[in-house]
Amino acid sequence: MSNNLKIFLGVSYLLILFAFLYFIFTNIQIDRLGYFSYYKELQSSLSIYISNNITINLIYYFIFAIIWVSLLGFGSPILIISGILFGKLLGTFISVISISLGALVLYSIGNFFFRDLIKTILAKKFEKYIQLFQKNEFYYFFIYRLIGGLGVPFGLQNLIPILFGMKKINYFLASLFGFIPSFFIMNTIGAGLNTYVEQAQDFSILNLLFTPEIYLPILMFICLMLFSLLIKKKFFDDTN
């Protein structure tokens, strides 16, 4: 059963990826990618389409994000996309909920089908954290999410709680609240990119970086990373 599920998940992931790439490349004029005016046209058309179909597009994004994350997809790209499509506030809201649910789906699948395999592969590497999480799984997993998962790839982050048998409700809520700061920052960057393309007449990397909608969330991200280093040192580096 587990081998069949692996094949199913792998094939599903590739199909979704290829479908997404096919949609992108069949709706984009490759020969115009070097022209900033083309991005302005895309931005204008996309904004009109999203505003005219906001509810259905939120549903599409919600479903896609859940499937994407449950199939070990990266988190950052769809956070930028949600910011571009829906703005920083609505984008943060929809991405926090959908990605938290997607992570829960991945955790549930991994815990049910691959628990022994995951423990065999990861238990030794993360041995020093297991007892710490078991003391208060919600509290420490919330901190773990808040600081970006200790630099662990996002897909792997979602599977680590299998090592200490975390309750699903604690997993979901700790993810939901822990994701908010970093997701807000990424969505703000996405919204800033959308605003820049809308307002600028020509592309300039310096003008982009010095746009308040871009440099302010980047500064927020740097502050979050510094804060994360302090939290990591306090709660995780001294673990024995």
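Key figures
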| quantity | calculated |
| --- | --- |
| Extreme residue, nearest to GLN157 (Cα to Cα), among residues of segment 75-91 that are surrounded by fewer than 18 Cβ atoms within 10 Å (Cβ to Cβ) and modelled with pLDDT under 90 | SER76 |
| Those residues of segment 103-135 which are outside any helix (DSSP H, G or I) and either within 23 Å of the chain's Cα centre (by Cα) or surrounded by 13 or more Cβ atoms within 10 Å (Cβ to Cβ) (or both), in sequence order | PHE114, ALA123, PHE126 |
| All positions within segment 149-189 that are outside any helix (DSSP H, G or I) and surrounded by fewer than 19 Cβ atoms within 10 Å (Cβ to Cβ) | VAL152, PRO153, GLY165, LYS167 |
| Positions within segment 47-74 being farther than 27 Å from SER108 by Cβ, surrounded by 15 or more Cβ atoms within 10 Å (Cβ to Cβ) and aliphatic (A, V, I, L, M), in sequence order | ILE50 |
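The values are calculated or read from the model by the stated rules, or taken from the named source; none is laboratory data. Quick caveat: nothing in here was measured; it's all calculated off a predicted structure. Neighbour counts are summed over all protein chains in view; Cβ atoms, including those assigned to glycine, are modelled from backbone coordinates with ideal geometry.
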